[in-house]
């Protein structure tokens with residue numbers, strides 16, 4: 001029976017090994033999240049954001065980043081967290097998001113950037129089960145680094161394809 005458990009653990013670890021790698025970690029409220037570093041285009045300080053009418057509440061608007069119009073999403077609002085005032089640490093992480101129509105850049109507003117971590121295969125765990133009514137497909141897994149929990153996000157799944165297309169249309173029309 002112990003042999004079977006070891007084999008199951010080996011298979012479990014192999015399934016999660018592809019999640020290991022470099023992650024940019026950031027804070028929202030009291031929690032830390034991680035984005036695959038390969039998805040991160042750049043990190044910028046908070047800058048003037050042009051509001052766009054008739055978009056969802058979590059869409060803060062668009063920014064003009066060196067001549068490129070980038071739609072911005074407030075991750076606090078997207079995740080249903082309490083709204084707070086922006087601080088000097090609030091920043092925008094510009095990420096590349098894939099959708100059925102292609103790739104586009106989206107700014108994600110976070111409370112603060114923490115650090116870049118190299119998360120080892122043995123530090124990655126599966127997304128916990130919260131029951132069938134809660135959608136967690138935007139979570140790749142959970143990293144446990146030096147005793148601290150990091151929720152690893154699939155940025156392509158944070159915004160649905162429909163939302164990404166809406167964001168893209170908003171950016172194109174500015």
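Residues in the stretch 156-172: is at least one modelled with pLDDT of 70 or more, farther than 18 Å from residue 59 by Cβ and surrounded by fewer than 18 Cβ atoms within 10 Å (Cβ to Cβ)? No - not one qualifying residue is present in the stretch 156-172. The residue that is modelled with the lowest pLDDT, among those in the stretch 36-68 that are within 14 Å of residue 109 (Cα to Cα), within 18 Å of the chain's Cα centre (by Cα) and outside any strand (DSSP E or B), is 57.
So is residue 93 modelled with pLDDT of 90 or more and in contact with a strand residue (DSSP E or B) (Cβ under 8 Å, 6 or more places away or on another chain) or not? So residue 93 passes the test. A count restricted to the stretch 57-74 and to residues that are surrounded by 12 or more Cβ atoms within 10 Å (Cβ to Cβ) and either under 22 Å from residue 28 (Cα atoms) or in contact with a helix residue (DSSP H, G or I) (Cβ under 9 Å, 6 or more places away or on another chain) (or both) stands at 12.
Residues in the stretch 130-148: is at least one outside any strand (DSSP E or B), surrounded by 14 or more Cβ atoms within 10 Å (Cβ to Cβ) and modelled with pLDDT of 90 or more? No. For the stretch 82-118, the candidate set comprises residues that are in contact (Cβ under 8 Å) with a residue 24 or more places away in the chain, in contact with a helix residue (DSSP H, G or I) (Cβ under 8 Å, 6 or more places away or on another chain) and part of a loop (DSSP other than H, G, I, E, B); within that set, the residue that is surrounded by the most Cβ atoms within 10 Å (Cβ to Cβ) is 111. Selection of the stretch 119-129 for residues being assigned to a loop (DSSP other than H, G, I, E, B) and at pLDDT below 85 yields 126, 127, 128, 129. Once the stretch 31-56 is narrowed to residues that are under 13 Å from residue 93 (Cβ atoms) and in contact with a helix residue (DSSP H, G or I) (Cβ under 6 Å, 6 or more places away or on another chain), the residue that is surrounded by the fewest Cβ atoms within 10 Å (Cβ to Cβ) is 39.
The values are calculated or read from the model by the stated rules, or taken from the named source; none is laboratory data. Just so you know, these numbers come straight off a predicted model, no measurement behind them. Every residue, glycine as well, gets a Cβ built from its backbone with ideal geometry; the counts of neighbours run over all protein chains shown.
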